[in-house]
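To keep things clear, I will list the structure first and then write my remarks on it.
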Amino acid sequence: MKPVQTGAVRARNNGLCGDLARVARAAGWRPSEEEVPWCQPYVFATPCSPQRAAALERTRIDWERLRMAVEQLRRRYEVVLVEGAGGLRVPIVGRRTMLELAQELAAPVLVAARPGLGTLNHTLLTVERLWDCGLTVLGVVLVASQPGRWTPLMSDNEATLRRFGVPVLGRLPYAPSWPRSPRRAVRFWASHPGTRWVQKVLHELSHKSAGSPRQ
C-alpha cells in the first residue's frame, strides 16, 4: 500500500493508480473493491510533498485514516509493504513526516537509495536517523534509475556504506520496461545475476511472518 500518492491521477474505475497500479500489475495482484481505499488512502495530482499536494487540492490529510488503512490490511494479509514518498523527512501533515509514520507502524524499514554521486550523505543520514529512533533497518537497496554500467564510483559508494555498518542488501539494475510493462521488468530483475539477494530477503520476510504476529 502507499499511504499518499502524488503525481498520480485516480483511475476512472476507482481502481489502483500511479506507482501502486504498476506494482500490483507486476505482482499479478488485484485488491478487492473494499481494499482499494486502504491501499491508497490519498491520491493527489501534483508531484510534490504530500503536505503541499494536499494543500493545493484544499485537502487536509487525516493521520488516523493512514494508520487505520494499514491496520485494515494487516488484518487480512501476513505481510503488508508500505511505500513512502520522497524520503524519510518529507512532510505529510503538520510536522509529521514519513519518519513518524514508520514509527507509528513500528515496521522494519527498507531504504531505496541512488548508487551515484551524493548517496553517501543522504543514505548515511537516513539510516542513522532510523537507528536513533529505534527502528529496524531491514537493509538498503541501491537502485539504478538511469541506463548505463555500474561505475567505479558506485562500487566505491557501496563499499563505503558497508564500511560504515550500513546493511546494503544489493543492487537493482535499471529496467527501461518498468513504466510500460512492469511484469517484464520483474522477469528481467528475477533473471539478473545481481539480484540474487532478493530471494534471501523474501525468505527472511516469510520466516518472520510465520513465526511472529503479523507485521
task: Would you kindly identify the strands (runs of 3 or more DSSP E) lying entirely within the range 45-155 that contain at least 2 residues that are farther than 27 Å from Phe188 by Cβ and in contact with a Lys or Arg (Cβ under 6 Å, 6 or more places away or on another chain)?
output: none
field: Single condition Arg129 does not satisfy, out of (1) in contact with a strand residue (DSSP E or B) (Cβ under 9 Å, 6 or more places away or on another chain); (2) touching a residue at least 40 places away in the same chain (Cβ under 8 Å)
entry: (1)
message: Need the failing condition index for Arg114 against (1) closer than 21 Å to Pro50 by Cα; (2) at pLDDT below 95; (3) not assigned by TED's automatic domain parsing to the domain that holds Ala8, just the number.
response: (1)
message: Any residue that is buried (at least 17 other Cβ atoms within 10 Å of the Cβ) and of a type in the set (S, T, N, Q) - is there at least one of those in the range 102-110?
response: no
- request: Give me a count of the residues in the range 38-68 that are under 16 Å from the mean Cα position of the chain (by Cα) and small (Gly, Ala, Ser).
  value: 1
Complete set of residues in the range 28-59 that are at pLDDT 95 or above and basic (Lys, Arg): Arg52, Arg58
task: Answer yes or no as to whether Cys17 is within 14 Å of Val70 (Cβ to Cβ), touching a Lys or Arg at 6+ places or on another chain (Cβ under 8 Å) and among the hydrophobic types (A, V, I, L, M, F, W, C).
output: no
message: Any residue at all in the range 28-44 that's under 21 Å from Trp63 (Cα atoms), among the aliphatic types (A, V, I, L, M) and free of Cβ contacts under 8 Å to residues at least 40 places away in the same chain?
response: yes
message: Checking the condition under 23 Å from Asp19 (Cβ atoms), at pLDDT below 95 and not assigned by TED's automatic domain parsing to the domain that holds Gly87, which residue from Leu130, Leu172 passes?
response: Leu172
- prompt: What number of residues within the range 35-84 satisfy the criterion of being of a type outside the set (Gly, Ala, Ser), in contact with a Ser or Thr (Cβ under 7 Å, 6 or more places away or on another chain) and surrounded by 16 or more Cβ atoms within 10 Å (Cβ to Cβ)?
  reply: 3
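The values are calculated or read from the model by the stated rules, or taken from the named source; none is laboratory data. Please read all numbers here as calculations on a predicted model, not as lab measurements. Please note: Cβ atoms are built from the backbone with ideal geometry, for glycine as well, and neighbour counts cover all protein chains shown.
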